[in-house]
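Have a look at the structure below, then the notes.
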Amino acid sequence: MITAEQQKALSERVEALRRYLNIDARKIELEEEQLRTQAPDFWDDAKRAEEQMKKVKSIEKWINGYNEARNLLDELNLSVEFYHDEMVTEEEVDAAYAATLEAVEALELKNMLRQEEDSMDCVLKINSGAGGTESQDWAQMLMRMYLRYAESHGYRTRISNLQEGDEAGIKTCTIEIEGEYAYGYLKSESGVHRLVRVSPYNAQGKRMTSFASVFATPLVDDNIEVYVDPSKISWDTFRSSGAGGQNVNKVETGVRLRYMYTDPDTGETEEILIENTESRKQLENRENAMRLLRSQLYDRALQKKKAAQAKIEAGKKKIEWGSQIRSYVFDDRRVKDHRTGYQTSDVGGVMDGKIDGFIKAYLMEFAEEQENN
């Protein structure tokens, strides 16, 4: 049975959310934005109208999220009163408290995603590290983990490039994850992921350590202007076939985009390489490769704006000892994030996509720091 202190603390958190989220002001803003959608010529400019509807829905979601937490709190308070009158059981009160707490924590976490890019879709690229088959198998396990995570949160996924390993696993893959705040949540996954396990590929049954890197960037749309110098682009085409199945389409013609990026601050030149093998049509692959290039260029400009160059360089460390952000130790049944100290013994659950605890711990610790950059 919950205590009076727990009930009071939860009430205070809901009231704090009303202030943090500016619910009263958002309600007024919602009325104003809805009025704009009622203009006679509203749909004359379809693109502008879609942006306006998107803005209205965004405001509505914040208000609805708060209203849900408020209503659950009211139900909890009512349940406590009924319990004293012996009209409900202790278990029912505890269940009402758990539901309210879950809604409040979800809204608190979402409130930490205040950066412009946080609400965008996400491009997740996974590369296997040195170590051949073992690391390539690990990269494929991570790919499955993120696909399961996306599925459990109702996100849409599309694999735009996949290169299979020599014997098993994958060398690299690029996943486009579309859904509300996909990048805001998954930006915490950028870095090197370390696996320790008894290798199924080692005849002596020795413990092996493998590495794979994950890079998350926001996926830009046509509403965001990103300059791409056409003189620095070159294209290659190649024939390729995917692994099949529901996630990867077999393709006939892949494209390889090379872009010579020049750092505006240092003058250093670096080649950005993007491969796309998603579609059977070369034109569609070219269009998607350009979208991925714009996403990368946007991300670079974003990181510079936030004065986060040191973090970017840290993410480019060689995939080896000392640079990992998270360790997955299968034999000891432990997954630990080295940035936050958060860990769990539910290795199987993590590999099935249950990584919300790691994401929440990261945002709770670093969201304010990122906002101040």
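The values are calculated or read from the model by the stated rules, or taken from the named source; none is laboratory data. From a predicted model like this one, the values you see are computed outputs, not experimental measurements. In this analysis, Cβ positions are derived from the backbone assuming ideal geometry, glycine residues included, and neighbour counts consider all displayed protein chains.
Kindly establish whether Tyr201 is under 19 Å from Leu109 (Cα atoms), at pLDDT below 95 and in contact with an Asp or Glu (Cβ under 7 Å, 6 or more places away or on another chain). Let's see the steps before the verdict.
On the way: under 19 Å from Leu109 (Cα atoms): no; at pLDDT below 95: yes; in contact with an Asp or Glu (Cβ under 7 Å, 6 or more places away or on another chain): yes.
No, not satisfied.
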Would you call Val104 under 32 Å from the mean Cα position of the chain (by Cα) and either assigned to a helix (DSSP H, G or I) or of a type in the set (Phe, Trp, Tyr) (or both)? yes
Ile177 passes all but one of (1) outside any strand (DSSP E or B); (2) within 16 Å of Val214 (Cα to Cα); which number fails? (1)
Please pick out the residue among Ser190, Ser152 that is within 10 Å of the chain's Cα centre (by Cα) and either crowded, with 19+ Cβ neighbours inside 10 Å or among the polar types (S, T, N, Q) (or both). Ser190
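How many of the residues making up region 121-149 are among the hydrophobic types (A, V, I, L, M, F, W, C), in contact with an Asp or Glu (Cβ under 8 Å, 6 or more places away or on another chain) and surrounded by fewer than 23 Cβ atoms within 10 Å (Cβ to Cβ)? Outline the logic, then answer.
Taking region 121-149 and keeping what is among the hydrophobic types (A, V, I, L, M, F, W, C), we get 122-124, 126, 130, 138-139, 141-143, 145, 147.
Now narrow it down to the ones that are in contact with an Asp or Glu (Cβ under 8 Å, 6 or more places away or on another chain): 122-124, 130, 145.
Narrowing the set further to residues that are surrounded by fewer than 23 Cβ atoms within 10 Å (Cβ to Cβ) leaves 130, 145.
The qualifying residues number 2.
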Right, Ala139: in contact (Cβ under 8 Å) with a residue 40 or more places away in the chain, under 19 Å from Tyr155 (Cα atoms) and part of a helix (DSSP H, G or I) or not? no
Among the residues of region 207-223 satisfying the criterion of being in a loop (DSSP other than H, G, I, E, B) and in contact with a strand residue (DSSP E or B) (Cβ under 9 Å, 6 or more places away or on another chain), which is modelled with the highest pLDDT? Val220
Using the structure shown, decide if Arg334 is modelled with pLDDT of 90 or more, surrounded by 12 or more Cβ atoms within 10 Å (Cβ to Cβ), of a type outside the set (Asp, Glu) and closer than 18 Å to Lys232 by Cα. no
Which residue pairs have Cβ atoms under 7 Å apart, sit 6 or more places apart or on different chains, and have a first residue in region 1-15 that is farther than 12 Å from Leu73 by Cα and a second that is surrounded by 12 or more Cβ atoms within 10 Å (Cβ to Cβ) and among the acidic types (Asp, Glu)? Met1/Asp94; Ile2/Asp94
Name the single residue that is modelled with the highest pLDDT among those in region 265-278 being outside any strand (DSSP E or B) and touching a helix residue (DSSP H, G or I) at 6+ places or on another chain (Cβ under 8 Å). Thr277
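Tell me which residues, restricted to region 275-288, are out of contact with any Lys or Arg (no Cβ under 6 Å at 6 or more places or on another chain) and in contact (Cβ under 8 Å) with a residue 40 or more places away in the chain.
Result: Asn276, Thr277, Glu278, Gln282, Arg286, Asn288.
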